Amino acid sequence: RRITDFAVREITPDGKVLENKIFGDFWPPRHEQLEVPAQPEGTDQLILTMEKFNLDTNDALRRISRQLRTSGKRIGYAGLKDRRAITAQRISIWRPDVELLKKKTSLYAGLHDPQWSNERVEIGGLKGNEFEITVREIEMPKEELEKTVRECFAQMEKGVANYFGEQRFGGNREVTHLVGKKFVKGDIEGAVMLYLTHPSSGEEAEIAAARKNLADSGDVARALKEFPHKFRYELAILNHLVKVPKDFVGAFQGLPKHLRYLFTHAYKSYLFNLVINERIERGIGITKTDGDILEDGIPTAPLFGFDSVLPEGKAGEIERAVMEKEGVALEEFHVKSFPELGCSGARKKIALVPEDLRIISIEKDELAEGKLKMKISFRLDKGNYATTILRELMKSQSAR
């Protein structure tokens, strides 16, 4: 209900939890003058904590690169953080103009805790994330709520199904994995057009009409005029297709590299979720079964790719069944018609074990008369989703 109901703080590789110093349950934000220490010899990367409020990570980074009048390629980060949230994460900037950096980045983004380093912050360079989340509109008595949630937490500490969250698949549009499947199947034109035309029930009338018109007519020149200015990725693709008709690979290559990779990776994530579903339907769930490949004693499922080696036994049977139902083969992940989108494959634990599950407070919900709100916190290793924990918590409450 409020942006401050969802806070995410990155945990650095050495276990330090970053702080929200700028944004929190207060207004206005506490922006302070950035004091950058003297640069030691042999260092060229300035490491900072970047906080943002209701911005996605890439938007916040663009604002910083514009402020510095430099390329976004000079900025490193460890992972993407939720948009509708207040978040804190580490970034690195290569040889920044310190005087330009001292200027306030934005009302909705800010920087603090600068320190010099000779190492860039790279994707995956974090231990995990700490979440602090407010759940609202709860219709249970306080004592029953606390008892139910503590019981649920005790069960979660034994592990929950480690699904990829909905944001992995494009949020409201839920199109990212569908586009990814078309890439894997070699249908580049179909993938690009699906990205441009797939509707969303929550979209504004103007963009919904533009998507439908393009789907019906295939007229990219008309679409270029009809798509609203804020849809810059779609407009970049359309602009290229107007100039070079039918060059769908070239059109998609105009998108940022990190965004291009999202689609086939989202499809791998979708298949991973299907493997968990298949295990549950067969009564196995996240417990060990014949043929399981274990990591830290926990069964894994594949993030399918062209180098994936599937196990034998019941585990392998399930994984092969998912691929057969989807009509996809491992070699197709080479994506020969667009090789840079290829996926080699990996494995991921199918059980998620949250750490430090806590109830911070239970109070009256000021936004829902007669109901309660509860603030909880927990920590997850990198690559895992808070929505997985929330799904289990809501299921527990609804069962009561």
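The values are calculated or read from the model by the stated rules, or taken from the named source; none is laboratory data. Everything numeric here is computed off the predicted structure, so don't read it as measured data. Backbone-built Cβ (ideal geometry, glycine too); neighbour counts: all protein chains shown. Please note that ligands, DNA and RNA were not included when accessible areas were found on the heavy atoms of the full protein model with its side chains. Shrake-Rupley method; radii C 1.70, N 1.55, O 1.52, S 1.80 Å.
For the reader, a short list of remarks on this structure follows.
Every residue, every condition in (1) more than 25 Å from H177 (Cα to Cα); (2) outside any loop (DSSP other than H, G, I, E, B), yes or no:
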{"residue": "K288", "(1), (2)": "yes, no"}
{"residue": "L310", "(1), (2)": "no, no"}
{"residue": "E319", "(1), (2)": "no, yes"}
{"residue": "K336", "(1), (2)": "no, no"}
{"residue": "R347", "(1), (2)": "no, yes"}
{"residue": "S361", "(1), (2)": "yes, yes"}
{"residue": "N384", "(1), (2)": "no, no"}
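- Check on G383, on the phi > 0 side of the Ramachandran plot and not aliphatic (A, V, I, L, M): yes
- Residues that are in contact (Cβ under 8 Å) with a residue 60 or more places away in the chain and not in a helix (DSSP H, G or I) are absent from segment 234-248 altogether.
- When segment 25-54 is filtered for residues that are modelled with pLDDT of 95 or more and part of a strand (DSSP E or B), the ones remaining, listed by number, are Q45, L46, I47, L48, T49, M50, E51, K52, F53.
- Residue within segment 301-317 that is under 30 Å from E10 (Cα atoms), modelled with pLDDT of 95 or more and open to solvent by 20 Å² or more (accessible area, probe 1.4 Å) present: yes
- Enumeration of residues in segment 203-234 that are within 29 Å of K73 (Cβ to Cβ) and either of a type in the set (K, R) or within 23 Å of the chain's Cα centre (by Cα) (or both): K230, F231, R232, Y233, E234
- Members of segment 275-300 found to be more than 24 Å from D381 (Cβ to Cβ) and open to solvent by 60 Å² or more (accessible area, probe 1.4 Å), listed by number: E281, R282, G283, D290
- Yes/no for S377 being open to solvent by less than 40 Å² (accessible area, probe 1.4 Å), over 30 Å from K182 (Cα atoms) and at pLDDT below 95: no
- Between G171, G180, G186, the distinction of being at pLDDT 95 or above, closer than 24 Å to N273 by Cα and not in a helix (DSSP H, G or I) belongs to G186 only.
- Qualifying position, being in a strand (DSSP E or B), closer than 24 Å to I3 by Cβ and not basic (K, R), among V149, V135: V135
- Test: residue in segment 198-213 that is in contact (Cβ under 8 Å) with a residue 40 or more places away in the chain and either of a type in the set (K, R) or under 28 Å from G305 (Cβ atoms) (or both): no
- Criterion violated by D356 - all others in (1) assigned to a strand (DSSP E or B); (2) crowded, with 19+ Cβ neighbours inside 10 Å satisfied: (2)
- Residue selected from segment 278-332 under the condition charged (D, E, K, R) and in contact with a strand residue (DSSP E or B) (Cβ under 7 Å, 6 or more places away or on another chain), by the criterion nearest to R347 (Cα to Cα): E295
Residue-wise test of (1) within 21 Å of Y261 (Cβ to Cβ); (2) aromatic (F, W, Y); (3) touching an Asp or Glu at 6+ places or on another chain (Cβ under 6 Å); (4) open to solvent by 40 Å² or more (accessible area, probe 1.4 Å).
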site	(1), (2), (3), (4)
L145	no, no, no, no
V160	no, no, yes, no
R168	yes, no, no, yes
H177	yes, no, no, no
L194	yes, no, no, no
P228	no, no, yes, no
Y233	yes, yes, no, yes
A251	yes, no, no, no
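- The one condition in (1) out of contact with any Ser or Thr (no Cβ under 6 Å at 6 or more places or on another chain); (2) open to solvent by 70 Å² or more (accessible area, probe 1.4 Å); (3) modelled with pLDDT under 95; (4) not hydroxyl-bearing (S, T, Y) that A386 fails to fulfil: (2)
- So R63, is it open to solvent by 40 Å² or more (accessible area, probe 1.4 Å), in contact (Cβ under 8 Å) with a residue 60 or more places away in the chain and under 23 Å from the mean Cα position of the chain (by Cα): no
- Residue count for segment 335-369, restricted to those that are free of Cβ contacts under 8 Å to residues at least 60 places away in the same chain and farther than 30 Å from K158 by Cα: 5
- Answer residue from segment 199-226, given it is open to solvent by less than 50 Å² (accessible area, probe 1.4 Å) and not small (G, A, S) and is farthest from R62 (Cα to Cα) among those: N213
- Selected residue (criterion: surrounded by the most Cβ atoms within 10 Å (Cβ to Cβ)) from residues of segment 83-94 that are assigned to a loop (DSSP other than H, G, I, E, B) and touching a helix residue (DSSP H, G or I) at 6+ places or on another chain (Cβ under 7 Å): A85
- The one condition from (1) assigned to a strand (DSSP E or B); (2) open to solvent by less than 30 Å² (accessible area, probe 1.4 Å) that A368 does not meet is (1).
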